[in-house]
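Each remark here refers to the structure printed beneath this line.
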Amino acid sequence: MTMLRSIVSEGDPNEKYTKMKQISQGGSGTVYTAIATDTGLEVAVKKINITKQPRKDFIITELLIMKKYKHPNIVNYLDSFLDGDELWVIMEYLAVGCMTEVLAKTCLYENEIAAVCKELLQAIHFLHGNNIVHRDIKSDNVLLGKDWTIKLADFGISAQLSPEQSKRTSLVGTRRWMAPELVRRIEYGPEVDIWSLGITAIEMANGQPPYRQENSDMVFDLISRNGKPNIENKDNLSPVFQDFLDRCLEVDVTKRYTASELLEHPFMEVADQ
């Protein structure tokens, strides 16, 4: 709490933000839209009950990352407050919502998938360049603005790497998007984000990730045993998209493409078509 108080702003957030309306709820907190009383602008407010968070160090990491690192493809942090045991994180509001909501209505064309991947790769390249691993890239954490702005959100389980700790072994993330090395509890690094991007690309193409129909208890075993998943309707995908997925979903992490390499992949040219 002492660390949190040194990070957040002073004052009562209830006086600064009004007209709360809940828009989503997840394991790390509940998200609302609200109106900033001083500017009249609509913002997103994530409320986190600190007492219910098993890894309070993750909260500190999320705040520090969002405050320090700014990028056009990362949701913009605006402010934060403590209200009793509740942490309020104020962020920009993207009106269209998360990619999951879009995929519930329609699957994307390949040029649209390429465009989303290109924007996400720019965010991932920036994060990895600053030794940050997101560890939870999926459609739920891809937000869209009305002008087709694509931004990566939710740094609740991100990790800040350092020369002293350049790898992690924590089993965190969302099961169907996890890389094999993470599931197997092998030391891993930023490469896990590239795998998750590949699964997200499949999700955008088919409307759901691999193993969606499997019992969640079986997913870890399937990922660990199979490595690269079978891609539903793969024959309907263009060769260049298939190759992009192969580069993302390479089980050998030494051969898996980096964000920088993927930004040079021919599939990125499809985004302009």
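The values are calculated or read from the model by the stated rules, or taken from the named source; none is laboratory data. Just so it is clear, the structure is predicted and the values come from calculations on it, not from any experiment. Every residue, glycine among them, receives a Cβ derived from its backbone with ideal geometry; neighbour counts consider all protein chains shown. With ligands, DNA and RNA removed, areas are computed over all heavy atoms of the protein, side chains included. Shrake-Rupley method; radii C 1.70, N 1.55, O 1.52, S 1.80 Å.
So here's what we get for this one:
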read-out: Residue check, SER139 crowded, with 19+ Cβ neighbours inside 10 Å and among the hydroxyl-bearing types (Ser, Thr, Tyr); value: yes
read-out: Boolean, THR51 is surrounded by fewer than 19 Cβ atoms within 10 Å (Cβ to Cβ), of a type in the set (S, T, N, Q) and without any contact (Cβ under 8 Å) to a residue 60 or more places away in the chain; value: yes
read-out: Which numbered condition VAL45 misses (of (1) assigned to a helix (DSSP H, G or I); (2) within 18 Å of the chain's Cα centre (by Cα)); value: (1)
read-out: Options LEU103, LEU108, LEU78, LEU94: the member that is more than 18 Å from ASP147 (Cα to Cα) and either surrounded by 15 or more Cβ atoms within 10 Å (Cβ to Cβ) or aliphatic (A, V, I, L, M) (or both); value: LEU78
read-out: Among (1) modelled with pLDDT of 95 or more; (2) in contact with a strand residue (DSSP E or B) (Cβ under 6 Å, 6 or more places away or on another chain); (3) aliphatic (A, V, I, L, M) - the single one LEU197 does not satisfy; value: (2)
read-out: Residue pairs meeting the criteria (Cβ under 6 Å; at least 6 apart or on separate chains; first within 14 Å of MET204 (Cβ to Cβ), in region 140-162; second of a type in the set (Val, Ile, Thr) and open to solvent by 40 Å² or more (accessible area, probe 1.4 Å)); value: ASP140/THR100; LEU144/VAL96
read-out: Cross-chain or 6+ apart pairs with Cβ under 8 Å, region 20-40 first and β-branched (Val, Ile, Thr), then open to solvent by 50 Å² or more (accessible area, probe 1.4 Å) and in a loop (DSSP other than H, G, I, E, B); value: THR33/TYR93; ILE35/LEU41
read-out: Residues of region 117-144 classified as in a helix (DSSP H, G or I) and of a type in the set (A, V, I, L, M, F, W, C), total; value: 7
read-out: Considering residues of region 145-180 that are at pLDDT 95 or above and in contact with a strand residue (DSSP E or B) (Cβ under 9 Å, 6 or more places away or on another chain) only, the residue most open to solvent (accessible area, probe 1.4 Å); value: LYS151
read-out: Within region 244-265, considering residues that are open to solvent by 50 Å² or more (accessible area, probe 1.4 Å) and in contact with a Lys or Arg (Cβ under 9 Å, 6 or more places away or on another chain), the one farthest from SER224 (Cα to Cα); value: GLU261
read-out: Whichever residue in region 4-37 is at pLDDT 85 or above and touching a helix residue (DSSP H, G or I) at 6+ places or on another chain (Cβ under 8 Å) and, among such residues, is most open to solvent (accessible area, probe 1.4 Å); value: THR37
read-out: Test set (1) surrounded by fewer than 20 Cβ atoms within 10 Å (Cβ to Cβ); (2) within 29 Å of GLU269 (Cα to Cα); (3) of a type in the set (Val, Ile, Thr) - ILE113 fails condition number; value: (1)
read-out: Residue within region 202-210 that is loosely packed, with under 15 Cβ neighbours inside 10 Å and not basic (Lys, Arg) present; value: no
read-out: Qualifying position, being open to solvent by less than 60 Å² (accessible area, probe 1.4 Å), of a type outside the set (Phe, Trp, Tyr) and at pLDDT below 90, among SER216, SER238; value: SER216
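One line per residue, one yes/no per condition, for (1) modelled with pLDDT under 90; (2) more than 30 Å from ALA115 (Cα to Cα):
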residue: LYS47; (1), (2): no, yes
residue: ARG55; (1), (2): yes, yes
residue: TYR69; (1), (2): no, no
residue: GLU86; (1), (2): no, yes
residue: VAL89; (1), (2): no, no
